[in-house]
Structure formats: structure tokens, C-alpha cells
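The next block holds one structure in the form of C-alpha cells; read it before the comments.
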Amino acid sequence: MEQLMKTVKRGNKKRSINITIGAVVGFLLSCTAVMGAEDNYLWIKEDGGAIKFSADTTDGTDGNWNEKNLYEKNIWDIVRKTYMNNMELSSSEGIGYGLSGDLSKFTFINNGSIEGIGENYGYGIYNIDTINSLTNNSLIVGTSYGIWNNNGISNPDIVIEEIKNEGIIIGKSEDGQGAGINNYSGKINKLENIGKIAGISSASSFAQGYGITSTGSTSEIGIDNLGMISGIGKTIGRGLYLESTTKNIINNFGIVFGTS
């Protein structure tokens with residue numbers, strides 16, 4: 001993983017892709033989250049105009065919340081409303097990093113690793129409301145979804161204004177669907193990828209792997225891809241799966257592929 005990250009960062013600087021599809025497929029099929037790590041996860045929400053943090057909530061509604069930055073390695077710039085993760089955030093409860101409430105002026109930057117490990121579903125980043133900007137310079141991985149922009153119902157107000165990925169975003173499942181980024185009936189207005197986004201499924205039956213999926217009647221997504229987007233599944237593998245009839249804008253200058 002360390003060597004791969006170095007390769008990705010070198011590639012980002014050169015803005016070029018010199019890696020074979022076979023090599024990438026081989027890596028993705030063997031890549032796993034760091035299992036058994038101590039739980040250090042984080043939920044962030046807006047509450048009456050204040051940004052609050054919790055490291056013991058199970059779903060974003062219970063637990064203890066306060067305005068204090070809970071991890072010393074991380075940086076919270078309260079003036080610019082910018083949170084920078086510089087450590088490993090990992091949760092065996094399924095969500096490595098959760099967002100709720102109106103965070104339309106909030107910026108999150110990941111320089112560490114974020115892992116969501118769950119028995120049925122795992123999410124690296126789980127957004128159920130609005131966020132201004134999300135930048136990944138390192139690793140985001142979930143045992144189902146790398147980034148989840150969805151609250152389980154058709155709601156066009158679930159919005160991520162901007163995602164910038166210069167690292168790796170992976171959703172890997174052994175039970176069903178794996179997607180790097182899943183956008184259901186929400187909006188991702190701008191996704192700039194110069195790293196790698198992958199969805200992998202090794203389930204025994206109906207295994208579906210999607211690099212990016214945007215489904216539901218109100219979903220919208222805008223993608224500028226200069227890196228690699230891939231979907232690998234025993235049954236279905238799709239780099240991009242766009243189901244809606246609403247507005248999608250795709251500019252591809254990199255590689256998009258699916259294999260099954």
C-alpha cells in the first residue's frame with residue numbers, strides 16, 4: 001500500500017497514467033482494508049450554527065457531542081471551517097467518518113486513512129446531508145462503499161458540492177455490491193479525480209463492482225476524470241453506472257473500465 005501511494009502521488013504530479021490494466025486489476029483484487037485496528041472514528045454535524053464532533057455515536061443521533069477537536073493529530077480551523085485528518089480513522093461499526101446537518105460551508109481534507117469496516121455494510125465517508133468540499137490526498141476505503149452520498153430515500157437535497165481525489169477511494173465487498181463512490185438521488189456537483197476510484201465485489205453470487213454509481217430519479221453528478229475509475233465484480237463490473245435521466249456531465253481524460 002505504501003509503495004502504491006508513492007506511485008499514485010508521482011503519477012499525480014506528472015498528470016499521466018503509465019500503468020497497465022492487468023496490474024491495476026491484480027492490485028485491486030488483492031487490496032483489503034486494515035482489519036483489526038483500534039476504533040478511532042468521527043462524526044461531524046452542524047447544530048444551531050455550531051460544528052460539533054462525536055467519537056461514540058452509532059448513527060449520528062446518539063452519543064456525546066461537543067465543539068472540541070477530539071484528535072490531537074488532526075487540525076480544526078474553526079474560522080475557515082476546515083477539518084484536516086492526519087491519522088487513521090477506522091471503525092468496526094461500519095462508518096469511518098460521518099457527516100450530518102447543514103455543512104454547506106464545511107471543508108474536509110484527508111491526509112491519513114479512513115476505513116469503515118462493517119459486517120454487512122462499511123462506509124469510509126458517510127454523508128447524509130450537505131457538505132461544501134471533500135479532498136482526499138491519501139486513502140478512503142469501506143467494506144461496501146468508499147464514499148456514500150445517500151440517506152436511504154429519494155432526496156435531492158443530499159449534496160456534496162465538490163470532491164477532489166488525488167489518492168485512492170475503494171469500496172470492496174465480499175457479500176454484494178462494492179462501489180468507490182455511491183450517489184443515490186443526491187448531487188455531487190463536481191468530482192475531480194486524478195487518483196484512483198474503484199469498486200470491487202468478490203461475493204459468491206451476483207457480485208457487482210462499480211467505480212462510481214449515481215442512481216435514483218433525482219441524482220446528478222459532474223465528473224472530470226484524469227485518473228482511473230474501475231469496477232470489478234464476478235457478475236457485473238462497471239467503471240461508471242449512471243441510471244438517472246437528470247443532468248450528468250462527464251469529461252474523461254483518463255481511464256474508465258469495468259471487468260467481470
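Numbers at a glance
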| quantity | calculated |
| --- | --- |
| Sulfur and carbon atoms: percent of accessible area, the stretch 221-260 [1.4 Å] | 49 |
| For the stretch 136-260, size of Cβ-based charge dipole, Lys and Arg +1, Asp and Glu -1, in debye | 240 |
| Whole-number accessible area per residue in Å² for the stretch 103-260, which is evaluated in the context of all protein chains at 1.4 Å | 35 |
| Whole-number percent relative contact order across the stretch 95-140, with pairs defined as alpha carbons under 8 Å at least 6 apart | 53 |
| Accessible area of the stretch 80-163 belonging to carbon and sulfur atoms, whole % at 1.4 Å probe | 44 |
| Gyration tensor (alpha-carbon) shape descriptor, the stretch 164-234, a/c threshold 1.5 | oblate |
| Residue order for 67, 46 - accessible surface, 1.4 angstrom probe, largest first | 67, 46 |
| Prolate/oblate/rounded label for the stretch 46-169 (Cα gyration tensor, a/c 1.5) | rounded |
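The values are calculated or read from the model by the stated rules, or taken from the named source; none is laboratory data. Computed from a predicted model, the values in this text were never measured in an experiment. Don't worry about glycine lacking a Cβ; one is built from the backbone with ideal geometry, like all the others, and counts go over all protein chains shown. Please note that ligands, DNA and RNA were not included when accessible areas were found on the heavy atoms of the full protein model with its side chains. Shrake-Rupley method; radii C 1.70, N 1.55, O 1.52, S 1.80 Å.
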